Amino acid sequence: MAYGPSKNRSRSQSEPREPNLIPIMNLFIVIIPMLMTIMVTVHLAMIEITLPTDSAGGGDEDTEQLEDLPKVITLALLPDRFEILVEGVEDIITIPQTSAGKYDYFMLDSNMALLKDSNENQGTIDLLPDPTVKFDTLLRSIDICKSNNFPNIKYLTSSTKYYKAK
């Protein structure tokens, strides 16, 4: 018992049907407002920056600016002593051990305080440990630097070069 073709089927083959646009219109009516509500607006912020200008004339300003620049301070941790090198100063501050294997942390602390007093705008210390120095010595030295208002510690590594004999 087979049924014959429906009326719609027979009509669609003979006549073109009009497309139903109502679902598409409903989709756009919902999607466009939803996209507009989740759209991120761009906020612009303006920062006023005044760049330094070249000064004409007085040479006193240049020498004052050079004095205000921070100097590079290097703390070298050696197996038998501490050495503090300051850029532009020829004298090296040497702090020897008090006894075999005992570093003088009190003297290091007082020297770092003096360096901070003379270099108030300096906040960075270059730390150069010898590979044979114990880790405890390294940590205590970093703590002393930070307690004397040198918050930025740059860790330098010593380079060793090996040459092949001929």
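The values are calculated or read from the model by the stated rules, or taken from the named source; none is laboratory data. What you see is a predicted model, and the numbers here were worked out from it, not measured in a lab. Cβ: placed from backbone, ideal geometry, glycine included. Neighbour counts: every protein chain shown.
Computed values, structure above
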item: Search result, residues across the stretch 105-129 that are within 24 Å of the chain's Cα centre (by Cα) and either among the polar types (S, T, N, Q) or assigned to a helix (DSSP H, G or I) (or both); result: Lys116, Asn119, Asn121, Gln122, Thr124
item: Some residue of the stretch 130-145 being closer than 12 Å to Ile73 by Cα, part of a strand (DSSP E or B) and touching a helix residue (DSSP H, G or I) at 6+ places or on another chain (Cβ under 8 Å); result: no
item: The lone exception for Ser110 - which of (1) modelled with pLDDT of 90 or more; (2) of a type in the set (Ser, Thr, Tyr); (3) in contact with a strand residue (DSSP E or B) (Cβ under 6 Å, 6 or more places away or on another chain) it fails; result: (3)
item: Elements of type helices (runs of 4 or more DSSP H) contained in the stretch 7-96, each with 2 or more residues being farther than 30 Å from Asn121 by Cβ and modelled with pLDDT under 85; result: 7-14, 22-38
